[in-house]
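Just so it is clear, none of the values below were taken in a lab; they were calculated from the coordinates. None of these values were measured; they are calculated from a predicted model. Positions of Cβ are backbone-derived with ideal geometry, glycine not excepted, and every protein chain shown enters the neighbour counts.
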Amino acid sequence: MKLYLQNIIDDISFEALPITWQGFDFEQFSKDKTLFDFQQDALKNALRGL
């Protein structure tokens with residue numbers, strides 16, 4: 001199975017996104033919860049896909 005969107009997202013550096021898009025705290029989900037590494041990566045991939 002070919003993963004076209006994944007290949008496109010992999011070519012986009014997170015650091016190349018606008019600075020306002022990089023300002024999110026991906027680790028702290030809420031006051032009482034934190035996200036796992038794979039969940040943080042999923043959010044970063046979603047931003048790069050936009």
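Can you return the aspartates and glutamates within cross-link range of LYS33? Criterion is Cα-Cα under 13 Å, with same-chain partners fewer than 8 residues away left out.
Hits, sequence-local ones excluded: ASP25.
Just how large is the dipole of the chain about the Cα centre, in debye to the nearest 20, putting +1 at every Lys and Arg Cβ and -1 at every Asp and Glu Cβ?
180
What's the extension gain from PHE38 to TRP21 if we count 0.36 nm per residue and subtract their Cα-Cα distance?
Result: 4.2 nm gained on full extension.
Can you sort ASP32, ASP41 by how many other beta carbons sit within 10 Å, fewest first? Don't skip to the answer; put the middle values down first.
Working: ASP32 6, ASP41 13.
In order of increasing Cβ crowding within 10 Å: ASP32, ASP41.
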